[in-house]
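To start, the structure itself, in structure tokens.
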Amino acid sequence: MAESAEAPKLVYLVTGGCGFLGEHVVRMLLEQEPRLRELRVFDLHLSSWLEELKTGPVQVTPIQGDVTQAHQVAAAVSGAHVVIHTAGLVDVFGRASPETIYKVNVQGTQNVIEACVQTGTRFLVYTSSMEVVGPNVKGQPFYRGNEDTPYEALHKHPYPQSKAQAERLVLQANGRKVQGGLPLVTCALRPTGIYGEGHQIMRDFYLQGLRLGSRLFRAIPASVEHGRVYVGNVAWMHVLVARELEPRAELMGGQVYFCYDKSPYKSYEDFNMEFLGPCGLRLVGTRPLLPYWLLMLLATLNALLQWLLRPLLLYAPLLNPYTLAIANTTFTVSTNKAQRHFGYEPLFSWEDSRTRTILWVQGSTQ
Ligand SMILES: NC(=O)c1ccc[n+]([C@@H]2O[C@H](COP(=O)([O-])OP(=O)(O)OC[C@H]3O[C@@H](n4cnc5c(N)ncnc54)[C@H](O)[C@@H]3O)[C@@H](O)[C@H]2O)c1
Ligand SMILES: CC(C)CCC[C@@H](C)[C@H]1CC[C@H]2[C@@H]3[C@H](O)C=C4C[C@@H](O)CC[C@]4(C)[C@H]3CC[C@]12C
């Protein structure tokens, strides 16, 4: 990837390119990577917005495929300079079986690594998650920690377990010789809770608030901090990492980076109100309406109902013991590792991120 004003020649592949984050990565690459010749967008379900991108100067190639199918992945990776692997099964609600989560997140990632090795692709960026670290099963707080902060990463839930295992595979693959004999360079980005345009859970809370008479009821103490990061900044960080992996291979290969920006430290609900408030909702109560034990009882009942109803229908509400534990455990990051290693600065200010998200929430129900 030589720096030059030559004709664009790079080929990038984004797996999961039609997802919430993936779409932002795809659009950010088209805006911010002038050396791009072809952008391959690989996803299980291709979105119609891809069509409008085909008229630009970069060749956008949609590829409908499944990361669990090694041959499909190898065909998509072949000839790519960089792979940004964001495809994943994001399920903390019990919609998919643990086996399916494992297959997509772990086996799918292994397939991407093997495809890079077989076809000679040298640069792999993996979208990991804060949940690789925590909150852990003990509910211990992680208060504004960084990549080196000691923390017991103990998980029982299939989603964080699968992300942790996949991240390990990616990091261990750093340095493996790819076809042609050069070393593979990998790194992993760990976003906290991503928000922004396209964030379906934010939209669900908005719709629920409208149904409840433009109110939401506080469930989590305001003192519990939950890390959040704007999707545009997460996408920007992916683009920068992809760009800098070659010139800074020594420093960045095998590294993990939390994704961060200037979003304020707040509880999950207070943070959502930054957007839902201007959309006309209010959060009722300065303290949780229900005591924690009652909330946990409801969450456990939901889990029991899910299990009982499984043969008949899929019951997967937002509240279950795991989501309650995440929302109710402080987990925030404070780091400048990405700035030190590859010069990352957020592309979007907090004010900008907030405005863009508010406009999206307002428009998303019309
Ligand atoms: N949303 C968050 O808050 C958050 C936070 C940290 C990390 N992440 C990670 O970011 C990545 C993207 O998450 P998202 O929130 O955009 O989720 P998403 O569900 O919106 O996007 C995931 C995309 O992957 C695709 N996909 C799923 N299974 C696939 C398969 N078998 N083959 C090919 N494509 C497949 C989906 O179709 C979807 O387009 C995931 O790896 C997730 O673990 C998300
Ligand atoms: C008021 C609460 C009890 C309602 C439950 C909220 C719950 C659905 C939210 C809270 C925290 C959210 C997770 C968090 O932002 C971080 C991630 C990491 C990422 O890798 C996948 C998404 C996930 C798990 C968010 C899912 C929704 C959660 C649990």
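Give just the number: which of (1) surrounded by fewer than 18 Cβ atoms within 10 Å (Cβ to Cβ); (2) in a helix (DSSP H, G or I); (3) within 14 Å of ligand 2 (Cβ to nearest atom) does residue 323 not satisfy?
Exception for residue 323: condition (1).
Failed condition for residue 188, given (1) open to solvent by less than 20 Å² (accessible area, probe 1.4 Å); (2) part of a loop (DSSP other than H, G, I, E, B); (3) not aromatic (Phe, Trp, Tyr), with all others met?
(2)
Return yes when residue 79 is loosely packed, with under 15 Cβ neighbours inside 10 Å and on the phi > 0 side of the Ramachandran plot and no when it is not.
Yes.
Where in the stretch 204-297 are the helices (runs of 4 or more DSSP H), entirely inside, with at least 1 residues that are more than 30 Å from residue 183 (Cα to Cα)?
Those helices (runs of 4 or more DSSP H) span 231-244, 268-276.
Just the residues that are hydrophobic (A, V, I, L, M, F, W, C) and away from ligand 1 (no atom under 11 Å from the Cβ), please, taken from the stretch 90-132.
93, 106, 113, 115, 116, 117, 123, 124, 125, listed by residue number.
Return the residues of the stretch 163-205 that are of a type in the set (Lys, Arg) and out of contact with any Phe, Trp or Tyr (no Cβ under 9 Å at 6 or more places or on another chain); say none if nothing qualifies.
163, 168, 176, 177
Out of (1) over 19 Å from residue 237 (Cα atoms); (2) more than 14 Å from ligand 2 (Cβ to nearest atom), what's the single condition that is false for residue 200?
(2)
Among the residues of the stretch 326-362 satisfying the criterion of being away from ligand 2 (no atom under 16 Å from the Cβ) and hydroxyl-bearing (Ser, Thr, Tyr), which is farthest from residue 154 (Cα to Cα)?
My answer is 355.
Looking at 41, 73 in this structure, which one is under 13 Å from residue 111 (Cβ atoms) and open to solvent by less than 40 Å² (accessible area, probe 1.4 Å)? Outline the logic, then answer.
Numbers: 41 fails: under 13 Å from residue 111 (Cβ atoms).
None of the other options fit; the residue is 73.
Which condition number does residue 275 fail, the rest of (1) within 16 Å of ligand 1 (Cβ to nearest atom); (2) within 19 Å of the chain's Cα centre (by Cα); (3) touching a residue at least 40 places away in the same chain (Cβ under 8 Å) being met?
That leaves (2) as the condition not met.
Restricting the search to the stretch 6-61, which residues are charged (D, E, K, R), in a helix (DSSP H, G or I) and more than 9 Å from ligand 1 (Cβ to nearest atom)? It would help to see each step written out before you state the result.
As a first pass, look at the stretch 6-61 and keep what is charged (D, E, K, R): 6, 9, 23, 27, 31, 33, 35, 37-38, 40, 43, 51-52, 54.
Remaining after also requiring in a helix (DSSP H, G or I): 23, 27, 31, 51-52.
Once the filter is applied, which keeps residues that are charged (D, E, K, R), in a helix (DSSP H, G or I) and more than 9 Å from ligand 1 (Cβ to nearest atom), the stretch 6-61 yields 27, 31, 51, 52.
For residues that are more than 16 Å from ligand 1 (Cβ to nearest atom), in contact with a strand residue (DSSP E or B) (Cβ under 6 Å, 6 or more places away or on another chain) and aliphatic (A, V, I, L, M), tally how many sit in the stretch 189-248.
2
Kindly list the number of the only condition in (1) assigned to a helix (DSSP H, G or I); (2) out of contact with any Lys or Arg (no Cβ under 7 Å at 6 or more places or on another chain) that fails for residue 88.
Against the list (1) assigned to a helix (DSSP H, G or I); (2) out of contact with any Lys or Arg (no Cβ under 7 Å at 6 or more places or on another chain), residue 88 comes up short only on (1).
Can you tell me which of 211, 215, 228 is of a type in the set (D, E, K, R) and in contact with a Phe, Trp or Tyr (Cβ under 9 Å, 6 or more places away or on another chain)?
228
Residue-by-condition table, conditions (1) closer than 16 Å to residue 227 by Cα; (2) free of Cβ contacts under 8 Å to residues at least 60 places away in the same chain; (3) out of contact with any strand residue (DSSP E or B) (no Cβ under 7 Å at 6 or more places or on another chain):
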| residue | (1), (2), (3) |
| --- | --- |
| 316 | no, no, yes |
| 325 | yes, no, yes |
| 328 | yes, no, yes |
| 331 | yes, no, no |
| 335 | yes, no, no |
| 346 | yes, no, yes |
| 361 | no, no, yes |
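Please tell me if residue 362 is surrounded by fewer than 17 Cβ atoms within 10 Å (Cβ to Cβ) and at pLDDT below 95.
yes
The values are calculated or read from the model by the stated rules, or taken from the named source; none is laboratory data. Quick caveat, the model's predicted, so the values are computed rather than measured. FYI the Cβ positions are ideal-geometry reconstructions off the backbone, even for glycines, and counts take in every protein chain you see. Please note that ligands, DNA and RNA were not included when accessible areas were found on the heavy atoms of the full protein model with its side chains. Shrake-Rupley method; radii C 1.70, N 1.55, O 1.52, S 1.80 Å.
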